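**Student:** Mind having a look at this structure? Questions to follow.
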Amino acid sequence: MPELPEVETVRDGLARHVVGRTVESVTVLHPRPVRRDLRGPAGFAAALTGRRFEAARRRGKYLWLPLDNGDALLGHLGMSGQLLVQEPGHPDERHLRVRFGLGDRELRFVDQRMFGGLAVSAGGAELPPEIAHIARDPFDPQFDDDLFVARVRRRTAGIKRLLLDQSLISGVGNIYADEALWRAELHGERPGERLRPVQVRRVLAEARAVMGAALGQGGTSFDALYVNVNGESGYFDRSLHAYGREGLPCERCGTPIRRVEFMNRSSFFCPRCQTVPRARRVAARD
Ligand SMILES: [Zn+2]
């Protein structure tokens, strides 16, 4: 699943290759990716044809392209979505779903599993109302560290769950949450209300560090006329310390990394550096 650094790479690519261009044609090849647009595929196409893309913006993992009439094209890549810029006449990708003709180039939405999608957001140029409830991400200049710390410390949920809560902080996916917690030496089940402010600040700083490293790598990985996000963050795998390393020695203490089920996914942690909260251990014995 694309995480924030990959989505930011796509936003940057859209800003460089698509912004300033006018939509000459829209072809919806499969209705599912535009299912959230209540106008239907034909209405979606009509609402965009003739409009110009004015900018490329992002909140968390949502992208939007403000239009010259105050609306916006809002998109989410879901599990497997890609936005590609291609020359007209380039062979169709196998899972091509929507094609935007922009004159000398095309913007293409390709999505195998179709959890992602596109919609026109009425009046959404500044911030689409559909995503106004989503918190800023930790790279947003207006992200408020003090407010985040205070809100985390009012919650009983585990810190990993809070890192994934899009109403508190956006863009921190499962992989980056595990990496930030490993770096901060905190177990994901530690309740927010039992963390000291310095611990919450530390995990926030580590999330920024690990995601920032990925941003740097993603940002240098493409220069061509090509905006791309893979379903996996493969280019970052070599830098991971916890995620996907079950049974491998912790790089700090040598203890084998453990994997546990977490919200239909997995959590990876070092059982020695990231000790399980006491209440949890008692519960596990019962
Ligand atoms: Zn360790």
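The values are calculated or read from the model by the stated rules, or taken from the named source; none is laboratory data. What you see is a predicted model, and the numbers here were worked out from it, not measured in a lab. Because the Cβ atoms are built from the backbone with ideal geometry, glycine has one as well, and the counts that use them run over all protein chains shown. Side chains included, ligands, DNA and RNA excluded: accessible areas come from the protein's heavy atoms. Shrake-Rupley method; radii C 1.70, N 1.55, O 1.52, S 1.80 Å.
**Student:** Any idea which of VAL7, VAL19, VAL98 is at pLDDT below 95 and either open to solvent by less than 20 Å² (accessible area, probe 1.4 Å) or in a loop (DSSP other than H, G, I, E, B) (or both)?
**Tutor:** Result of the check over VAL7, VAL19, VAL98: VAL7.
**Student:** Between a residue in region 250-262 that is under 18 Å from GLY158 (Cα atoms) and any residue that is within 7 Å of the ligand (Cβ to nearest atom), which pairs come within a Cβ distance under 9 Å, given they are 6 or more apart or on different chains?
**Tutor:** ARG258/CYS270
**Student:** Please determine, by comparing only the residues of region 187-208 that are at pLDDT 95 or above and buried (at least 24 other Cβ atoms within 10 Å of the Cβ), which one is nearest to ARG161 (Cα to Cα).
**Tutor:** GLY188
**Student:** Same structure, new question: Out of the residues in region 264-281 that are modelled with pLDDT of 95 or more and more than 11 Å from the ligand (Cβ to nearest atom), which is surrounded by the fewest Cβ atoms within 10 Å (Cβ to Cβ)?
**Tutor:** SER267
**Student:** Okay, next question. More than 17 Å from the chain's Cα centre (by Cα) and in contact (Cβ under 8 Å) with a residue 24 or more places away in the chain: does that describe PHE139?
**Tutor:** no
**Student:** Let me ask another. Could you list all residues from region 192-215 that are among the charged types (D, E, K, R) and outside any helix (DSSP H, G or I)?
**Tutor:** ARG196
**Student:** So which residues in region 85-95 are open to solvent by 10 Å² or more (accessible area, probe 1.4 Å) and either basic (Lys, Arg) or not in a loop (DSSP other than H, G, I, E, B) (or both)?
**Tutor:** If the condition is that a residue be open to solvent by 10 Å² or more (accessible area, probe 1.4 Å) and either basic (Lys, Arg) or not in a loop (DSSP other than H, G, I, E, B) (or both), then GLN86, ARG94 are the ones that fit.
**Student:** Pairs needed: first member in region 168-196, under 15 Å from LEU240 (Cα atoms); second member anywhere, modelled with pLDDT under 95 and among the β-branched types (Val, Ile, Thr); C-beta distance under 6 Å; at least 6 residues apart or different chains.
**Tutor:** Every condition considered, the pairs that remain are TYR176/VAL210; GLU179/VAL210; ALA180/VAL210.
**Student:** Quick check: anything in region 252-263 in contact with a Pro (Cβ under 6 Å, 6 or more places away or on another chain) and either at pLDDT below 95 or buried (at least 16 other Cβ atoms within 10 Å of the Cβ) (or both)?
**Tutor:** Within region 252-263 (the criterion being in contact with a Pro (Cβ under 6 Å, 6 or more places away or on another chain) and either at pLDDT below 95 or buried (at least 16 other Cβ atoms within 10 Å of the Cβ) (or both)), the answer is yes, since at least one residue qualifies.
**Student:** Is there a residue being open to solvent by less than 40 Å² (accessible area, probe 1.4 Å), part of a helix (DSSP H, G or I) and in contact (Cβ under 8 Å) with a residue 60 or more places away in the chain anywhere in region 47-69?
**Tutor:** Checked region 47-69: at least one residue is open to solvent by less than 40 Å² (accessible area, probe 1.4 Å), part of a helix (DSSP H, G or I) and in contact (Cβ under 8 Å) with a residue 60 or more places away in the chain.
**Student:** If you go through region 216-237 one residue at a time, do you hit one that is modelled with pLDDT of 95 or more, away from the ligand (no atom under 16 Å from the Cβ) and in a helix (DSSP H, G or I)?
**Tutor:** Start the filter on region 216-237 by keeping residues that are modelled with pLDDT of 95 or more, which leaves none.
So far as region 216-237 goes, no, none of its residues is modelled with pLDDT of 95 or more, away from the ligand (no atom under 16 Å from the Cβ) and in a helix (DSSP H, G or I).
**Student:** Of the residues that make up region 159-166, is at least one surrounded by 22 or more Cβ atoms within 10 Å (Cβ to Cβ) and of a type in the set (Lys, Arg)?
**Tutor:** yes
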